[in-house]
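Report on the structure given below.
The values are calculated or read from the model by the stated rules, or taken from the named source; none is laboratory data. Predicted model, so just to flag it, every value in this text is computed and none were measured. We place every Cβ from the backbone using ideal geometry, glycine too, and count neighbours over all the protein chains shown. To get the accessible areas, we keep the full protein, side chains included, count just its heavy atoms, and leave off ligands, DNA and RNA. Shrake-Rupley method; radii C 1.70, N 1.55, O 1.52, S 1.80 Å.
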Amino acid sequence: MEILGTTLRICVDDLEASVAFYEGLTGTSALRFERGGVSVAAIGCFLLMSGPESELEVLRKVGATIAVKDVDEASAALTRAGARVIAGPVPTPAGRNLIALHPDGSVFEYVDRNVTV
(Lines give C-alpha, C1' and ligand atoms only; values in the text may rest on other atoms or scores of the structure.)
Protein backbone atom coordinates (compact mmCIF):
# COMPACT_ATOMS: atom_id res chain seq x y z
CA MET A 1 0.00 0.00 0.00
CA GLU A 2 1.39 3.37 -1.02
CA ILE A 3 0.70 6.12 1.55
CA LEU A 4 0.65 9.56 -0.07
CA GLY A 5 0.16 11.70 3.03
CA THR A 6 -1.92 12.33 6.11
CA THR A 7 -4.59 14.83 7.06
CA LEU A 8 -5.17 16.07 10.58
CA ARG A 9 -8.85 15.91 11.59
CA ILE A 10 -10.10 18.81 13.71
CA CYS A 11 -13.64 19.20 15.07
CA VAL A 12 -14.50 22.89 15.52
CA ASP A 13 -17.42 24.89 16.88
CA ASP A 14 -17.06 27.88 14.54
CA LEU A 15 -16.24 26.60 11.07
CA GLU A 16 -16.05 30.05 9.45
CA ALA A 17 -13.55 31.42 11.98
CA SER A 18 -11.47 28.25 11.74
CA VAL A 19 -11.52 28.30 7.93
CA ALA A 20 -10.25 31.88 7.93
CA PHE A 21 -7.42 30.95 10.31
CA TYR A 22 -6.29 27.84 8.40
CA GLU A 23 -6.58 29.52 4.99
CA GLY A 24 -4.35 32.30 6.31
CA LEU A 25 -1.95 29.81 7.85
CA THR A 26 -1.59 27.62 4.75
CA GLY A 27 -2.15 30.18 2.00
CA THR A 28 -4.66 27.85 0.33
CA SER A 29 -8.42 27.97 -0.13
CA ALA A 30 -10.81 25.57 1.55
CA LEU A 31 -12.49 22.78 -0.38
CA ARG A 32 -15.93 22.55 1.25
CA PHE A 33 -18.54 19.83 1.31
CA GLU A 34 -21.27 18.36 3.51
CA ARG A 35 -21.31 14.78 4.74
CA GLY A 36 -24.00 13.30 6.98
CA GLY A 37 -25.04 16.63 8.46
CA VAL A 38 -21.43 17.70 9.06
CA SER A 39 -19.90 20.69 7.28
CA VAL A 40 -16.35 19.92 6.17
CA ALA A 41 -13.54 22.17 4.96
CA ALA A 42 -10.30 20.66 3.65
CA ILE A 43 -7.41 23.14 3.81
CA GLY A 44 -3.93 21.85 3.09
CA CYS A 45 -3.27 19.00 5.52
CA PHE A 46 -6.15 20.03 7.81
CA LEU A 47 -9.69 18.66 7.69
CA LEU A 48 -12.07 20.86 9.69
CA MET A 49 -15.44 19.42 10.68
CA SER A 50 -18.41 21.13 12.33
CA GLY A 51 -21.92 19.90 13.03
CA PRO A 52 -24.18 18.15 15.51
CA GLU A 53 -22.37 16.71 18.54
CA SER A 54 -23.88 13.28 17.88
CA GLU A 55 -22.11 13.20 14.49
CA LEU A 56 -18.85 14.72 15.75
CA GLU A 57 -18.63 12.19 18.58
CA VAL A 58 -18.16 9.42 16.02
CA LEU A 59 -15.73 11.47 13.91
CA ARG A 60 -13.51 12.22 16.91
CA LYS A 61 -12.74 8.50 17.25
CA VAL A 62 -10.83 8.56 13.94
CA GLY A 63 -7.20 9.53 14.61
CA ALA A 64 -6.27 10.82 11.15
CA THR A 65 -7.07 10.56 7.48
CA ILE A 66 -4.43 8.75 5.43
CA ALA A 67 -4.27 9.35 1.67
CA VAL A 68 -3.47 6.23 -0.33
CA LYS A 69 -3.12 5.51 -4.02
CA ASP A 70 -5.97 2.98 -4.02
CA VAL A 71 -8.47 2.18 -1.25
CA ASP A 72 -9.00 -1.39 -2.48
CA GLU A 73 -5.27 -2.04 -2.26
CA ALA A 74 -5.21 -0.45 1.20
CA SER A 75 -8.11 -2.66 2.32
CA ALA A 76 -6.26 -5.79 1.25
CA ALA A 77 -2.99 -4.65 2.90
CA LEU A 78 -4.75 -3.69 6.13
CA THR A 79 -6.55 -7.04 6.31
CA ARG A 80 -3.32 -8.97 5.65
CA ALA A 81 -1.59 -7.01 8.43
CA GLY A 82 -4.34 -7.79 10.96
CA ALA A 83 -6.51 -4.67 10.82
CA ARG A 84 -10.28 -4.85 10.44
CA VAL A 85 -12.14 -2.70 7.92
CA ILE A 86 -15.18 -1.45 9.84
CA ALA A 87 -16.75 0.78 7.14
CA GLY A 88 -16.42 1.10 3.39
CA PRO A 89 -15.02 1.41 0.90
CA VAL A 90 -17.63 4.02 -0.06
CA PRO A 91 -17.62 6.93 -2.51
CA THR A 92 -17.05 10.47 -1.17
CA PRO A 93 -16.99 13.85 -2.92
CA ALA A 94 -13.21 13.52 -3.34
CA GLY A 95 -12.86 9.78 -4.06
CA ARG A 96 -13.41 6.69 -1.92
CA ASN A 97 -12.76 5.96 1.72
CA LEU A 98 -12.77 3.26 4.34
CA ILE A 99 -12.43 3.20 8.11
CA ALA A 100 -10.06 0.63 9.63
CA LEU A 101 -9.53 -0.54 13.18
CA HIS A 102 -5.86 -1.37 13.78
CA PRO A 103 -4.94 -4.23 16.16
CA ASP A 104 -3.78 -1.66 18.78
CA GLY A 105 -7.26 -0.09 18.86
CA SER A 106 -6.40 2.94 16.70
CA VAL A 107 -8.99 3.95 14.11
CA PHE A 108 -7.98 5.62 10.84
CA GLU A 109 -9.70 6.73 7.67
CA TYR A 110 -8.02 5.78 4.38
CA VAL A 111 -8.93 7.78 1.25
CA ASP A 112 -8.02 7.79 -2.41
CA ARG A 113 -8.75 10.22 -5.22
CA ASN A 114 -10.34 7.61 -7.49
CA VAL A 115 -13.58 9.51 -8.11
CA THR A 116 -16.37 7.33 -9.46
CA VAL A 117 -19.33 9.22 -10.94
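What pairs can you find where one residue is in the range 71-89 and in a helix (DSSP H, G or I), the other is among the β-branched types (Val, Ile, Thr), and their Cβ atoms are less than 6 Å apart, with a gap of 6+ or different chains?
Ala74/Val68; Ser75/Val85
Just the residues that are farther than 20 Å from Arg96 by Cβ and either touching a helix residue (DSSP H, G or I) at 6+ places or on another chain (Cβ under 7 Å) or among the acidic types (Asp, Glu) (or both), please, taken from the range 42-70.
Ile43, Gly44, Phe46, Leu48, Ser50, Glu53, Glu55, Glu57
Find the residue count for the range 33-61, including only residues that are in contact (Cβ under 8 Å) with a residue 12 or more places away in the chain and part of a strand (DSSP E or B).
Number of matching residues: 12.
Among the residues of the range 88-101, how many are open to solvent by 40 Å² or more (accessible area, probe 1.4 Å) and over 22 Å from Ala41 (Cβ atoms)?
2
In the range 102-117, which residue that is of a type in the set (Val, Ile, Thr) and open to solvent by 40 Å² or more (accessible area, probe 1.4 Å) is modelled with the lowest pLDDT?
From the range 102-117, those of a type in the set (Val, Ile, Thr) are 107, 111, 115-117; that's our starting set.
Next, from what is left, pick out any that are open to solvent by 40 Å² or more (accessible area, probe 1.4 Å): 115-117.
Values: Val115: 59, Thr116: 56, Val117: 47.
Within the range 102-117, the match that is modelled with the lowest pLDDT is Val117.
When the residues of the range 5-22 are filtered to those that are touching a residue at least 12 places away in the same chain (Cβ under 8 Å) and open to solvent by 60 Å² or more (accessible area, probe 1.4 Å), which remaining residue is farthest from Phe108 (Cα to Cα)?
So the residue we want is Asp14.
Of all residues in the range 36-86 being of a type in the set (D, E, K, R) and more than 18 Å from Ser18 (Cβ to Cβ), which is most open to solvent (accessible area, probe 1.4 Å)? I'd like the intermediate steps shown before the answer.
To start, the set of residues in the range 36-86 that are of a type in the set (D, E, K, R) comprises 53, 55, 57, 60-61, 69-70, 72-73, 80, 84.
If we keep only those that are more than 18 Å from Ser18 (Cβ to Cβ) too, we end up with 57, 61, 69-70, 72-73, 80, 84.
On the way: Glu57: 103, Lys61: 135, Lys69: 121, Asp70: 45, Asp72: 84, Glu73: 81, Arg80: 183, Arg84: 141 Å².
Restricting to residues being of a type in the set (D, E, K, R) and more than 18 Å from Ser18 (Cβ to Cβ), the top hit is Arg80.
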